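**Q** Quick one: the structure is below, and I'll ask about it shortly.
The values are calculated or read from the model by the stated rules, or taken from the named source; none is laboratory data. The model shown is predicted, which means the values in this text are computed figures rather than measured ones. Using ideal geometry, Cβ is built from the backbone for each residue, glycine included, and neighbour counts are taken over all protein chains shown. Surface accessibility is based on the protein's heavy atoms, side chains included, excluding ligands, DNA and RNA. Shrake-Rupley method; radii C 1.70, N 1.55, O 1.52, S 1.80 Å.
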Amino acid sequence: MKHFLTIRDFPKQDIEKFLDRALEIKRERKILDVLKNRCAVLIFEKPSTRTRVSFEVAVRELGGYSIFMTPKDSQLGRDEPLKDTARVISRYAHLMIVRTFGQNKLEELAEYSTIPVVNALSNEFHPCQVMSDLLTIYERTPDFSRLKIAWVGDGNNMANSWINAATLLPFKLTISCPKGYEPKKELIEEARSLGANIYFTYDPKEAVEGADYVNTDVWASMGLETDLSKRKEIFRDYQVNEKLLSLAKEDVRVMHCLPAHRGEEITDDVIESEYSIVWDQAENRLHMQKAILEWLFS
Ligand code: CP
Ligand code: NVA
């Protein structure tokens, strides 16, 4: 049984062929029958615009249909154990797409499920987003070995998935976060042991210097909003603005998984500028997720 819980579940040797396939799916807006008459159950414990809509459309364009559930309208909200939910849904449906809190919840679902489980965001990882972001880069600059990709801001689920992505492709990943908000050392060390080229600095200017792509994300992820006023102080120097970007390559591109908080992690000027490729990133969720589902069912 194949699951897609982190980018590390994806085989490195297939990555370029896979990106080409995703590009083909995108160019031809392919309608496929990989999920013909199959049902995907989406279980979302956190809000979503892009992930929900792009997955529901993706499932439909692969011939299947979806059912959307939240804890509010299911027994999950009344403490039915995850392992029971996994076993029951496996008897009806063909795929579970899950947005939740701890990665351990996804792992438990996968352990008890007899159908593929896809991580639609957890506190620790956001693999579908970063796979889509790789596609957004690949369609512009296919030679990853020449690229410096910077991560500026919180060492969150997106940063962690970028660290995993650096084990698949030969780009240089430079991460800059404030003290106390770094990604886990062990995750970086493990990625390095698998060949990832990762550099960490507390200085956002150093991270962005000469970068081809600059990535950021909200300062307080879903569930951490009460911390925001404190974080606004701590993250102030990590805002992606014109001044910071002036240190990057002249044709730098700015990435953000969205939703963005203009005036916090990114300025309105920058997100609306010619440097910004955030709408392509959002679009590519659809095409990449079709490719991921095709891979899971192949
Ligand atoms: N980028 C992303 O996952 O967006 P949503 O929270 O809207 O799904
Ligand atoms: N890091 C953000 C990503 C949102 C798509 C969060 O977890 O809220």
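**Q** When you go through Val152, Val88, Val98 one by one, which is the residue that is more than 25 Å from Glu294 (Cβ to Cβ) and either crowded, with 24+ Cβ neighbours inside 10 Å or at pLDDT below 95 (or both)?
**A** Val152
**Q** Between residues in the stretch 138-151 that are assigned to a loop (DSSP other than H, G, I, E, B) and residues that are among the aromatic types (Phe, Trp, Tyr), which pairs lie under 8 Å by C-beta distance while being six or more apart or on different chains?
**A** Leu147/Phe171; Leu147/Tyr213
**Q** Find the residue count for the stretch 21-63, including only residues that are open to solvent by less than 80 Å² (accessible area, probe 1.4 Å) and either in a helix (DSSP H, G or I) or among the aliphatic types (A, V, I, L, M) (or both).
**A** Qualifying residue count, the stretch 21-63: 23.
**Q** Scanning for something within 16 Å of ligand 2 (Cβ to nearest atom), open to solvent by 60 Å² or more (accessible area, probe 1.4 Å), on the phi < 0 side of the Ramachandran plot and modelled with pLDDT of 95 or more, does the stretch 184-197 turn up at least one residue?
**A** Yes, the stretch 184-197 contains at least one residue that is within 16 Å of ligand 2 (Cβ to nearest atom), open to solvent by 60 Å² or more (accessible area, probe 1.4 Å), on the phi < 0 side of the Ramachandran plot and modelled with pLDDT of 95 or more.
**Q** Among the residues of the stretch 272-279, is any assigned to a helix (DSSP H, G or I) and under 28 Å from Arg8 (Cα atoms)?
**A** Yes - at least one qualifying residue is present in the stretch 272-279.
**Q** Return the pair list, or none, for Cβ contacts closer than 7 Å from residues in the stretch 93-114 that are touching a residue at least 12 places away in the same chain (Cβ under 8 Å) to residues that are away from ligand 1 (no atom under 16 Å from the Cβ) and open to solvent by 60 Å² or more (accessible area, probe 1.4 Å), at least 6 apart or on different chains.
**A** If the second residue must be away from ligand 1 (no atom under 16 Å from the Cβ) and open to solvent by 60 Å² or more (accessible area, probe 1.4 Å), the pairs left are His94/Arg38; Leu95/Arg38; Glu108/Lys83; Tyr112/Lys83; Tyr112/Arg87; Thr114/Met1.
**Q** Let me confirm something: among Leu247, Leu258, which residue is farther than 23 Å from Arg8 by Cβ, in contact with an Asp or Glu (Cβ under 8 Å, 6 or more places away or on another chain) and in a loop (DSSP other than H, G, I, E, B)?
**A** Leu247
**Q** Among residues belonging to the stretch 117-146 that are away from ligand 2 (no atom under 14 Å from the Cβ) and open to solvent by less than 10 Å² (accessible area, probe 1.4 Å), point out the one that is farthest from Ser221 (Cα to Cα).
**A** Filtering first and then ranking leaves Phe144.
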